Each structure stands twice: as C-alpha cells, then as structure tokens.
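The values are calculated or read from the model by the stated rules, or taken from the named source; none is laboratory data. As the structure is a prediction and not an experimental result, all values here were calculated from the model. Note that we place each Cβ from the backbone using ideal geometry, even for glycine, and neighbour counts take in every protein chain shown. Quick note on the areas: whole protein, heavy atoms, side chains included, nothing else; ligands and nucleic acids left out. Shrake-Rupley method; radii C 1.70, N 1.55, O 1.52, S 1.80 Å.
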Amino acid sequence: MSRSAKQWLQAIHALDLPQRVKIMNVCGGHERSITMSGLRGALPASIELIPGPGCPVCICPEEDVFEAIQLALNEDITLVAFGDMLRVPVNVPKAQARSLEQAKAAGADIRPIASPQEAVRIARSQPDRAVVFFAAGFETTTAPVASMVVEGMPENLSLLLSGRLTWPAVAMLLGSGTPGFDALIAPGHVATVMGAEEWRFVPEQHDLPAAIAGFTPESLLAAMYSTLRQLIEGRTFLDNCYPELVRSQGNPTARGHLQRATDVVNANWRGVGPIEHSGFSLKAEYAAHDARRRYPDYADDSRKRAGQMPPGCDCAQVVLGKRYPNECRLYGSGCNPRHPIGPCMVSDEGACRIWWAGGVRNRVVAQG
C-alpha cells in the first residue's frame, strides 16, 4: 500500500538527518508543486529545497527571442509560439519592442499556441501565407515538435527551434566542483520521454543520491526520502519514484522521432553560456522547414553572450541554484509578474513567478 504525504513526512522527520542537506529539484513543475503544497514549511528545518534549471522559458537564449521578434516585425509572416514566450523580455532600448507581446502590439501577426497541432492548423488555414513556429522547450516539448516534423509539415510552415536537453545543465553544475547541492530530484516528465537511465550519471559519476519524481506531494516526498536515506546510509543510486509513467528507456516512439528529426548540438543557455550537447537542431534533410535557413538575415551573433540578463537581474543565479528567487536584487521591487524584468518572473515554471504566486513578497539579502 502506498504511503500518504503525511506518512512520508513522518518518515522523513524520523530520520537521523545531517545538520544541513540541500536537495535540488530540477523541474519547474516540481518547484510549483513544492511551493503550492507548502512542502518547504512541512519538512525539517535542516532540509533546503533548491530550485534548479528546469524552466525552458528562463534559459531560452536572448538571441533566439530577439530573432523571433525581428522576424515577426520585418517579414510578412504569421509567427506562433507557446504562450509564455510572448512576455519574455530582451535587452533593447525602451523605444523598441522588448518582447513578442510588444511586437504584436506594434502590428506584427503573432499568435500564442498550446501545441504543435495548432501551428499546423494555422498554417493549413492560410496556405498562401508563411507561418513560423518559434518552438522553445525541453525534451517534453521538443518531442511532439519532432513528431510534427516527421509526420509531415505544411509547405508554408517553418520552425525556429530553440529546444534544449535537461541533463547537460545538471552535468555542467556537477562538473563545476561547486554544484551547491547534496542530492537531486530528477524531472519525471523528461524521464517519461527520455528514460530513467539518462539520470544514472548522477550517482555513478558524481556519487550523489538521485531519485525521479512525479508531481504529487506523495511522489516528491518519496523521492526526497529516498535521497535522504541514501545520504544517511552512504550508498548512492538512482531511484525511480514515478514508476507509473517512467520506464528505463523512456518512450521509444518519442525518442525515435527526436532522433529522426533533430541533431544534438552545443547550445547557449541564457545567462549561463554554452553547454555542450545540450541543444536540438533540425536535421539537414528538413532544411526546407528551417526558419534559420529560410530567413538567414535575422540571426545576430553579437547577442550570444553569457550575461544577457537585464541589469540587476539575478535570474541566471536562480536558474543555477546559486540564489533563491527572493534573493534577486530586483525581486518584488522592479520585477513582478505584472512587469517582469527577467524571464524567471514570466513563466509558470520560473522559480521567481512560482514563489510570488506562492505568497513570497519580501526580498532578502543573499548570503555569501
């Protein structure tokens, strides 16, 4: 019989815990569940839960957002993008469009969508007009985009792809020598697509406890309990605490479509810089549907830099788990959900937006 959230909490409180233990939850969906269910306040005070890099809107490179804005403003096209992307700001003078939302207000034909099927439907509804799908996201978003490509896209639909893999960012943090966490909660939805085995490198190469979790308090607490037991007992392994959906090798169809439609390449992460083997790009055989090939004049290499966050914005430190959201210098003063300055305050998967929605209003000074 599975345990309730209350029973998992009781089991965690009964452990002989270290004085301080930091557990990183990679996924923005996990952070939302943790915050909205009040898990931080229910856990022993020695446990710190650290939001990680699992917000695709937050790490989408500024040059990609800028490219989408310029395409929409200067070409006779319809540009579609997932809803959160419309409010992501870039660093330009105030007189210019700072987001896709502002470009839309300036007259560009920009439409929010919720799925690749909507992009296909829009393209088919206006066959004489070019449609560009600005597709940003991690594996769970990129897999259905890849399926759309493999199954056949309308001739007038092209793809501005900004897809990223999750695990290389964690590998980068662990390889830095100062990861800032003692155990890892891996994202259940990514593991559902890519497989549990993708996260085995955490215990095997870095000797850190790891567990895959779903999005209920019960699954998250089970994963936390597992990693804490591993720390206490001095043995590390990968524990699958989301067996309802996660299999060892993931979803074969989704992985097959990703392999057929995309190549894995080195890629830039906003505020972080380049991470090896962390991005998806369209294979050459689909060049006719690659917006970067159709509209080559809008890529701006001068915007490819590690410090693309707005002045004073600490989103990059939040994404890397180096700073809590309310330790950002702009949190709640210049930056809030109504007027986001940094991308972490835009998305429902951004830690700053989640903490604000969870009632955290006071900024604190970062320690160290």
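Structure above, values below:
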{"read-out": "Boolean, Ala114 is within 18 Å of Cys60 (Cβ to Cβ), open to solvent by 10 Å² or more (accessible area, probe 1.4 Å) and small (Gly, Ala, Ser)", "value": "yes"}
{"read-out": "Residues (under 24 Å from Gly38 (Cβ atoms), in a helix (DSSP H, G or I) and either open to solvent by 10 Å² or more (accessible area, probe 1.4 Å) or of a type in the set (S, T, N, Q) (or both)) located in the stretch 209-239", "value": "Pro217, Glu218, Ser219, Ala222, Tyr225, Ser226, Thr227, Arg229, Leu231"}
{"read-out": "The stretch 2-50 - residue that is open to solvent by 10 Å² or more (accessible area, probe 1.4 Å) and among the acidic types (Asp, Glu) and, of those, farthest from Gly358 (Cα to Cα)", "value": "Asp16"}
{"read-out": "Residues within the stretch 241-261 that are in contact with a Phe, Trp or Tyr (Cβ under 9 Å, 6 or more places away or on another chain) and either under 15 Å from Gly188 (Cα atoms) or open to solvent by 70 Å² or more (accessible area, probe 1.4 Å) (or both), tallied", "value": "2"}
{"read-out": "Given (1) in a helix (DSSP H, G or I); (2) closer than 27 Å to Glu233 by Cβ; (3) touching a residue at least 40 places away in the same chain (Cβ under 8 Å), number of the condition Cys58 does not satisfy", "value": "(2)"}
{"read-out": "Selection count, the stretch 329-366, where residues are in a loop (DSSP other than H, G, I, E, B) and free of Cβ contacts under 8 Å to residues at least 12 places away in the same chain", "value": "2"}
{"read-out": "Extreme residue, most open to solvent (accessible area, probe 1.4 Å), among residues of the stretch 62-79 that are among the hydrophobic types (A, V, I, L, M, F, W, C) and in contact with an Asp or Glu (Cβ under 8 Å, 6 or more places away or on another chain)", "value": "Phe66"}
{"read-out": "Condition met for Phe82 (among the aromatic types (Phe, Trp, Tyr), closer than 22 Å to Ala143 by Cβ and buried (at least 16 other Cβ atoms within 10 Å of the Cβ))", "value": "yes"}
{"read-out": "Pairs where the first residue, in the stretch 31-50, is touching a residue at least 12 places away in the same chain (Cβ under 8 Å) and assigned to a loop (DSSP other than H, G, I, E, B) and the second is surrounded by 16 or more Cβ atoms within 10 Å (Cβ to Cβ) and basic (Lys, Arg), C-beta under 8 Å, 6+ apart", "value": "none"}
